[in-house]
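To keep things clear, I will list the structure first and then write my remarks on it.
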Amino acid sequence: MRLFDAIRNTLRDARIDRQSERVRDAMVDAAKIASDKEYHRLMADFYTGRKQSVDPQLAWWEFAAAAQKEYEHAKAYQRFAARYEEAAAAVEAERARQVQMHDGHSGTGQEDSP
């Protein structure tokens with residue numbers, strides 16, 4: 001009987017470990033997307049300031065270039081913000097699955113005692 005318990009515990013632990021890896025991977029993906037989102041926000045702010053510092057009557061080409069870059073980074077920020085929301089939801093789903101898996105094995109949400 002102890003042999004079957006050992007096998008059952010090994011299989012349970014392997015499933016929990018795989019789920020922990022899924023949670024970690026989802027968190028890494030969300031962090032990368034958050035980094036990209038923040039980069040594009042900062043760059044949009046930078047080009048907004050640059051656009052405001054240029055007189056469009058004297059240097060229209062610089063003004064137009066800054067406005068175009070501001071627009072591109074603002075659109076990229078919006079795309080990454082939407083992707084981040086999806087990634088954050090994926091992290092929460094994986095965490096919920098991990099808790100459910102853990103609770104399903106113990107019945108109390110705590111590790112089985114030997």
Report task. May I ask you to list the aspartates and glutamates whose Cα is less than 20 Å away from that of Lys69, ignoring any residue fewer than eight positions away on the same chain? Result -> Asp36, Glu38, Asp45, Asp55
Report summary line: With 0.36 nm assigned to each residue of separation and the Cα-Cα distance removed, Leu42 to Ala93 gains 15.4 nm
**Report entry** Fewest-first ranking of Ile33, Ile16, Ile7, using other Cβ atoms within 10 Å as the exposure measure
**Finding:** Ile7, Ile16, Ile33
Query raised in the report: Rounded to the nearest 500 deg cm²/dmol, what is the calculated helix-only ellipticity per residue at 222 nm for the chain, with -39500 (n - 2.57) per DSSP H run of length n ≥ 4?
Result: -32500 deg cm²/dmol
Query raised in the report: What lysines sit close enough to Lys75 to cross-link, taking a C-alpha to C-alpha distance under 16 Å and skipping anything fewer than 8 places away on the same chain?
Result: Lys37
Query raised in the report: If one computes P(r) from the Cα atoms of segment 15-71, what percent of pairs lie at distances over 15 Å?
Result: 62
Report summary line: Checked against the structure, the computed P(r) over Cα pairs in 5 Å bins from 0, in percent among (1) 2, 11, 20, 23, 18, 11, 7, 4, 2, 1, 0; (2) 2, 11, 13, 12, 10, 8, 8, 7, 6, 5, 5, 4, 3, 2, 1, 1, 0, 0; (3) 2, 11, 23, 25, 22, 11, 4, 1, 0 is the one labelled (2)
Requested in this report: Could you grab the relative contact order for segment 36-101? Cα pairs under 8 Å, six or more apart, rounded to a whole percent.
Outcome: 40
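Every number here is computed from the coordinates shown, using simple stated rules; none is lab data. What you see is a predicted model, and the numbers here were worked out from it, not measured in a lab. All Cβ positions, glycine included, derive from the backbone under ideal geometry; neighbour counts span all protein chains shown.
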